[in-house]
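Notes follow once the structure below has been shown.
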Amino acid sequence: MDSKRQQKVSRLIQKEMGELFQRDTKGIFGGAFITVTHVKVSPDLGVASIYLSFLNSTNQKSVLQNIKDNTKQVRKMLGERVGKQLRIIPQLAFYIDDTVEYAANIDKILAGLNIPPAANEEEENEEE
């Protein structure tokens, strides 16, 4: 369970990173539409794990690698935005958010199950 401070910093970073990816870095990452889906901050507020989803991108891994290569620049831009609100700008770690694919896989598995229908209660009572 995250503390209130962690939750506030997570929301702040998610909001600012979303705006940063939509406005300021659009040309840097090949025109990919990048969405910040979730941010998890360590208890000491020193590391922020940022989960991203990509639209309008043919190769998500190459865009993610490009973001990782430019992490220092992205962190600097984030610092300019939140420098007055945070004492220390956390180190940034970027990950691909695969929850949509995971949910689609679960739906596919559930759809493929062959579950026999339950027996009627009347038939069960007659057998007893």
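The values are calculated or read from the model by the stated rules, or taken from the named source; none is laboratory data. Computed from a predicted model, the values in this text were never measured in an experiment. Neighbour counts are summed over all protein chains in view; Cβ atoms, including those assigned to glycine, are modelled from backbone coordinates with ideal geometry. With ligands, DNA and RNA removed, areas are computed over all heavy atoms of the protein, side chains included. Shrake-Rupley method; radii C 1.70, N 1.55, O 1.52, S 1.80 Å.
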Helix-only [θ]222 nm of the chain, DSSP H runs n ≥ 4, -39500 (n - 2.57) each, per residue, nearest 500: -14000 deg cm²/dmol
Ile88 - accessible surface, heavy atoms, 1.4 Å probe, Å² rounded to 10: 110
Principal semi-axes in Å for the range 1-51 [√(5λ), Cα gyration tensor, largest first]: 24, 9, 8
Heavy atoms of Glu19: accessible area, 1.4 Å probe, square angstrom to 10: 50
Per residue accessible area in Å² of the chain, where ligands, DNA and RNA are left out and the probe is 1.4 Å: 71
Three principal axis lengths of the chain [C-alpha, angstrom, descending]: 75, 37, 19
Within the range 58-101: backbone nitrogen closer than 13 Å to the Thr35 label point (7 Å, Cα to C-beta): 97-101
Partners for Lys15 among lysines (Cα-Cα distance below 25 Å; same-chain residues under 8 apart left out): Lys4, Lys26, Lys40, Lys61, Lys68, Lys72, Lys76, Lys84
Accessible-area value, Lys8, 1.4 Å probe, nucleic acids and ligands omitted, Å²: 120
The chain: antiparallel DSSP beta bridges as a percent of all, rounded to 5: 55
Relative contact order (%) - the chain, alpha-carbon pairs under 8 angstrom, separation at least six: 23
Per-residue ³J(HN,Hα) for the range 109-115, Karplus 6.51 cos²θ - 1.76 cosθ + 1.60, θ = phi - 60°, Hz, x for Gly and Pro: 5, 5, 5, x, 6, 10, 9
